[in-house]
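Peer 1: Handing you this structure, nothing more for now.
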Amino acid sequence: MKKQPFLEKSWCRFPYDPALHDWVNYALPVAIETRLQPGNRRWMRCGDTWFVGVNVLPNDSSGALGNGPPLRGEAVEFLRHVLGVAPLEWEPAQVSICYPGYPQPMDGESGAAFRFRRDKFAAHIDGILPIGERRRRFLREHHRFIFGIPLGEHDAGAAPFVVWEGSHEIVRDVLAAYYGERPARSWRDIDITELYRDLRKRIFAECERIKIAAKPGEAYIVHRLALHGIAPWQPGASADPGGRIICYFRPETTSPKEWLNNP
């Protein structure tokens with residue numbers, strides 16, 4: 001299957017899959033309804049041009065929504081049998097919705113932070129989080145992969161997902177050298193702010209930036225260590241009235257060593 005390209009490039013895309021499209025047909029109306037719930041207003045960002053929607057999709061552990069089918073198809077089989085990620089019990093998915101004009105400055109956001117979001121696509125590695133008033137960076141989450149599933153129709157320029165190809169191996173090498181022989185349980189308390197800044201700069205210089213476009217029924221999987229982000233909404237790009245809607249499954253492992261060392 002796609003294991004070798006995935007391990008070389010940090011990502012792979014899957015063509016149209018009827019089984020996945022069946023799931024999308026159930027997920028899309030639920031995602032739109034979830035976005036409109038008053039309690040989820042807190043997830044709006046970037047001048048109301050991005051609904052972050054972390055873990056808001058009410059799917060069960062099989063991925064099913066209501067009376068809909070479980071999450072299945074070629075991409076799921078790739079995760080289970082090729083990458084060996086098992087058992088697969090799905091946590092509630094993120095529902096990421098962007099709108100024309102993304103991104104706009106946020107209240108309290110510095111000019112430098114906004115420019116990084118606009119010009120460098122808010123490039124980040126999942127799980128390395130800004131902590132405290134000083135927003136120092138620490139490894140606090142350990143996702144197993146990023147599984148992107150477009151739910152609605154949208155143009156390729158409608159705030160596409162961006163990945164820096166091959167970046168996961170640079171991240172692995174740098175973090176492995178930095179953490180060294182220190183116990184994995186201590187990694188969460190090690191400040192890596194400057195390391196993370198320099199790591200991103202290196203990846204910008206050495207890795208090719210790729211914009212991923214996919215349609216409902218298609219999907220993509222991105223390596224958990226890959227540097228990635230969201231590109232701005234391009235002039236003239238369009239999407240369904242509900243916006244550019246993509247759901248992401250990002251289950252976690254409890255083992256920092258597995259997060260760093262597994263393929």
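The values are calculated or read from the model by the stated rules, or taken from the named source; none is laboratory data. Remember, predicted model here, so these are calculated numbers, not experimental data. Reconstructed Cβ throughout: ideal geometry from the backbone, glycine too, with neighbour counts over all protein chains shown.
Peer 1: Taking the residues in region 235-256 that are out of contact with any Lys or Arg (no Cβ under 9 Å at 6 or more places or on another chain) and either of a type in the set (Asp, Glu) or surrounded by 15 or more Cβ atoms within 10 Å (Cβ to Cβ) (or both) as candidates, determine which candidate is farthest from Ala214 (Cα to Cα).
Peer 2: It comes out as Phe249.
Peer 1: When you check Ala93 against the structure, is it within 15 Å of Tyr220 (Cα to Cα), under 14 Å from the mean Cα position of the chain (by Cα) and of a type outside the set (Val, Ile, Thr), yes or no?
Peer 2: yes
Peer 1: Next question. Return the residue satisfying two criteria in turn: it lies in region 183-193 and is under 23 Å from the mean Cα position of the chain (by Cα) and not in a loop (DSSP other than H, G, I, E, B), and of such residues it is nearest to Arg134 (Cα to Cα).
Peer 2: Thr193
Here's the yes/no breakdown for (1) modelled with pLDDT under 95; (2) more than 23 Å from Pro160 (Cβ to Cβ); (3) of a type in the set (Asp, Glu):
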residue: Ala177; (1), (2), (3): no, yes, no
residue: Pro183; (1), (2), (3): no, yes, no
residue: Glu194; (1), (2), (3): no, yes, yes
residue: Ile212; (1), (2), (3): no, no, no
residue: Pro216; (1), (2), (3): no, no, no
residue: His223; (1), (2), (3): no, no, no
residue: Trp233; (1), (2), (3): no, no, no
residue: Ser238; (1), (2), (3): no, no, no
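Peer 1: Being among the β-branched types (Val, Ile, Thr), touching a Leu at 6+ places or on another chain (Cβ under 9 Å) and either surrounded by fewer than 17 Cβ atoms within 10 Å (Cβ to Cβ) or outside any strand (DSSP E or B) (or both) narrows it down to one of Val95, Val85, so name that one.
Peer 2: Val85
Peer 1: Looking at Val54, Val30 in this structure, which one is hydrophobic (A, V, I, L, M, F, W, C), closer than 20 Å to Glu91 by Cβ, surrounded by fewer than 18 Cβ atoms within 10 Å (Cβ to Cβ) and out of contact with any helix residue (DSSP H, G or I) (no Cβ under 6 Å at 6 or more places or on another chain)?
Peer 2: Exactly one residue qualifies, and that residue is Val54.
Peer 1: Inside region 1-18, can you point out the residues that are part of a helix (DSSP H, G or I) and either under 12 Å from Ile149 (Cβ atoms) or under 20 Å from the mean Cα position of the chain (by Cα) (or both)?
Peer 2: Lys3, Pro5, Phe6, Leu7, Glu8, Lys9
Peer 1: Taking the options Ala231, Ala219, Ala205, name whichever one is aliphatic (A, V, I, L, M) and farther than 18 Å from Trp11 by Cα.
Peer 2: On inspection, the qualifying residue turns out to be Ala205.
Peer 1: Looking at Tyr196, Tyr178 in this structure, which one is hydroxyl-bearing (Ser, Thr, Tyr) and without any contact (Cβ under 8 Å) to a residue 60 or more places away in the chain?
Peer 2: Tyr178
Peer 1: Under the condition of being surrounded by 16 or more Cβ atoms within 10 Å (Cβ to Cβ) and without any contact (Cβ under 8 Å) to a residue 24 or more places away in the chain, which residue from region 111-125 is farthest from Leu225 (Cα to Cα)?
Peer 2: Among them, the one singled out is Phe114.
Peer 1: Suppose the filter is at positive phi, among the hydrophobic types (A, V, I, L, M, F, W, C) and in contact with a strand residue (DSSP E or B) (Cβ under 8 Å, 6 or more places away or on another chain); does Phe138 pass it?
Peer 2: When the stated conditions are applied, Phe138 does not pass them.
Peer 1: Moving to a separate point now. Determine if region 161-182 includes at least one residue that is part of a strand (DSSP E or B) and among the small types (Gly, Ala, Ser).
Peer 2: Scanning region 161-182, I find no residue that is part of a strand (DSSP E or B) and among the small types (Gly, Ala, Ser), so the answer is no.
Peer 1: Listed residues Gly148, Gly152; which is on the phi < 0 side of the Ramachandran plot, assigned to a loop (DSSP other than H, G, I, E, B) and under 19 Å from the mean Cα position of the chain (by Cα)?
Peer 2: Result: Gly152 is the single residue among Gly148, Gly152 that is on the phi < 0 side of the Ramachandran plot, assigned to a loop (DSSP other than H, G, I, E, B) and under 19 Å from the mean Cα position of the chain (by Cα).
Peer 1: Still on this structure: May I ask you to say which residue of Arg45, Arg41, Arg13, Arg35 is within 25 Å of Ala158 (Cβ to Cβ) and loosely packed, with under 14 Cβ neighbours inside 10 Å?
Peer 2: Just a single option satisfies the conditions, and that option is Arg41.
Peer 1: Let me ask you something else. With the requirement that a residue be among the hydrophobic types (A, V, I, L, M, F, W, C) and in contact with a Cys (Cβ under 8 Å, 6 or more places away or on another chain), what does region 1-21 give you?
Peer 2: Matches in region 1-21: Phe6 only.
Peer 1: Same structure, new question: Could you grab me the full set of residues in region 153-192 that are β-branched (Val, Ile, Thr) and surrounded by 15 or more Cβ atoms within 10 Å (Cβ to Cβ)?
Peer 2: Of everything in region 153-192, those that are β-branched (Val, Ile, Thr) and surrounded by 15 or more Cβ atoms within 10 Å (Cβ to Cβ) turn out to be Val162, Val163, Ile170, Val171, Val174, Ile192.
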